[in-house]
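Asker: This structure is in structure tokens; I'll ask about it shortly.
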Amino acid sequence: MKMRRVVVPIQEAQTGMLLAEEVRNAAGGVLLTAGTELDEAVLAGLCRRGVECLVVDRPDPRSETEIAEELARMEARVRHLFHRHRGNPELQLLMQAVLEYRRKALA
């Protein structure tokens, strides 16, 4: 099954999930490396340190068709939000950045 990288609030993280990205403290030190499996002790420690969210890999049950449809809806929505700013190069760059970010998040 295909995996999807998602950001989850620490309260929604579950034992057995695998970190997709390392977790760092406020000073930039690595607390946990990517690939670490979450358990009760790890989650409690992260809560004590004030970690608010984690990036994990989850199974993605969506078909390729569903993913394509979701991407098309997202792109239409973003383009609609920026439609009045077609003549503004700065806002067009912002729109492109938003589209890239959202594509990455949905794919």
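Asker: Tell me, what is the FRET efficiency for Val98 and Arg58 to the nearest 0.05, using R0 = 35 angstrom and their Cβ-Cβ distance as r?
Answerer: Working: r = 23 Å, r/R0 = 0.66.
The formula returns an efficiency of 0.90 here.
Asker: Based on other C-beta atoms within 10 Å, arrange Asp39, Asp60 from fewest to most. Provide the component values of the computation, followed by the final result.
Answerer: Working: Asp39 12, Asp60 15.
In increasing order of surrounding Cβ atoms, one gets Asp39, Asp60.
Asker: For Leu43, what is the net charge nearby, where nearby means another residue's Cβ is under 15 Å from its Cβ and Lys, Arg count +1, Asp, Glu -1? Working shown, then result.
Answerer: Values: positive: Arg48, Arg49; negative: Glu12, Glu37, Asp39, Glu40, Glu52.
Charge balance near Leu43 sits at -3.
Asker: Using a Gaussian network model of the chain whose springs link C-alpha atoms within less than 10 Å, name the residue from Val55, Val30, Val42 with the highest mean-square fluctuation.
Answerer: Residue with maximal mean-square fluctuation among Val55, Val30, Val42: Val30.
Asker: Label segment 3-59 by shape, choosing from rounded, prolate and oblate, from the square roots a ≥ b ≥ c of the eigenvalues of the Cα gyration tensor; if a/c is under 1.5 it is rounded, and otherwise prolate applies when a/b is larger than b/c, oblate when it is not.
Answerer: Values: a/c = 1.65, a/b = 1.33, b/c = 1.25.
In terms of gyration-tensor shape, prolate.
Asker: Moving on to the next point. With the Cα gyration tensor of the chain giving a ≥ b ≥ c as the square roots of its eigenvalues, does the rule (a/c under 1.5 for rounded; else a/b larger than b/c for prolate; else oblate) give rounded, prolate or oblate? List each step's numbers first, then the result.
Answerer: Working: a/c = 3.29, a/b = 1.73, b/c = 1.90.
Verdict is oblate for the chain.
Here, each number is a calculation from the coordinates, and none is a lab measurement. Keep in mind that what you see is a predicted model, and the values were worked out from it rather than measured. Note that each Cβ is placed from the backbone with ideal geometry, even for glycine, and that neighbours are counted across all protein chains shown.
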